[in-house]
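Take a look at the structure below.
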Amino acid sequence: MTCGLALAGCSREAPEDAIRAQVVALQTAIEQRSASDVADVLDEDFIGPQNMDRRAARQMAAVLMLRHQRIGVLTGPVDVTLQGEDRATVRTRAALTGGEGSALLPDSAQAWRIESGWRLRDGVWRITSLTWTPVLQ
């Protein structure tokens, strides 16, 4: 029994790996056009630009997903900086594309510089804050 507990403890995912997995989950939720799955990655205390809360972020995602039948997300390198055992900052760049139907090229595209704050709560890493700025203007 002790051996099983020791093995279970060893299989615990490293914080940086767990955060990267959540970044992938967020990317997948966006590409699959699931506003509820996007909201699942956001902490209950989430705050975004202009004091956007979790509910407003979910609504914004839903509106964008209604506008685009296809959404693509391409992320650059993901830089994770741990701050203690339960906080982290993640920086990356991402290109988002949106399109309709089966068109070969997207109708719209934008590259963003993204910074997010993360918190470990109840064993799950979630986004507490998020800012994004266009890379090209």
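Entry remark, the range 63-86: residues being part of a helix (DSSP H, G or I) and among the charged types (D, E, K, R) number 1 in total. In the range 44-57, of all residues being within 14 Å of the chain's Cα centre (by Cα) and not in a helix (DSSP H, G or I), the one that is surrounded by the most Cβ atoms within 10 Å (Cβ to Cβ) corresponds to 46. The condition (being in contact with a strand residue (DSSP E or B) (Cβ under 8 Å, 6 or more places away or on another chain) and more than 24 Å from residue 14 (Cβ to Cβ)) is satisfied by just one residue among 70, 55, 87: 70. Scanning the range 99-109 for residues that are out of contact with any Lys or Arg (no Cβ under 8 Å at 6 or more places or on another chain) and either modelled with pLDDT of 90 or more or open to solvent by 60 Å² or more (accessible area, probe 1.4 Å) (or both) turns up 102, 104, 105, 107, 109. Restricting attention to the range 34-73, the residues being at pLDDT 95 or above and of a type in the set (Lys, Arg) number 3. Under the condition of being of a type in the set (A, V, I, L, M, F, W, C) and within 15 Å of residue 118 (Cβ to Cβ), which residue from the range 58-98 is most open to solvent (accessible area, probe 1.4 Å)? Here the residue is 82.
Looking only at the range 74-84, count every residue that is touching a strand residue (DSSP E or B) at 6+ places or on another chain (Cβ under 6 Å) and at pLDDT 95 or above and tell me the total.
Within the range 74-84, the first condition is being touching a strand residue (DSSP E or B) at 6+ places or on another chain (Cβ under 6 Å), and the residues that meet it are 74-76, 78-82.
Next, only the ones that are at pLDDT 95 or above stay: 78-82.
The total comes to 5.
In the range 121-137, the residue that is most open to solvent (accessible area, probe 1.4 Å) out of those that are closer than 11 Å to residue 46 by Cα and of a type outside the set (S, T, N, Q) is 126. At pLDDT below 95, under 18 Å from residue 129 (Cα atoms) and either aromatic (Phe, Trp, Tyr) or surrounded by 14 or more Cβ atoms within 10 Å (Cβ to Cβ) (or both): does that describe residue 118? So residue 118 does not fit the description; no. Scanning the range 43-57 for residues that are under 19 Å from residue 94 (Cα atoms) and touching a Ser or Thr at 6+ places or on another chain (Cβ under 8 Å) yields 48, 49.
The values are calculated or read from the model by the stated rules, or taken from the named source; none is laboratory data. In this text, all values refer to a predicted model and were calculated from it rather than measured experimentally. Glycine also receives a Cβ, built like all others from the backbone with ideal geometry; neighbour counts cover every protein chain displayed. Only protein heavy atoms, including side chains, enter the accessible area calculation; ligands, DNA and RNA are left aside. Shrake-Rupley method; radii C 1.70, N 1.55, O 1.52, S 1.80 Å.
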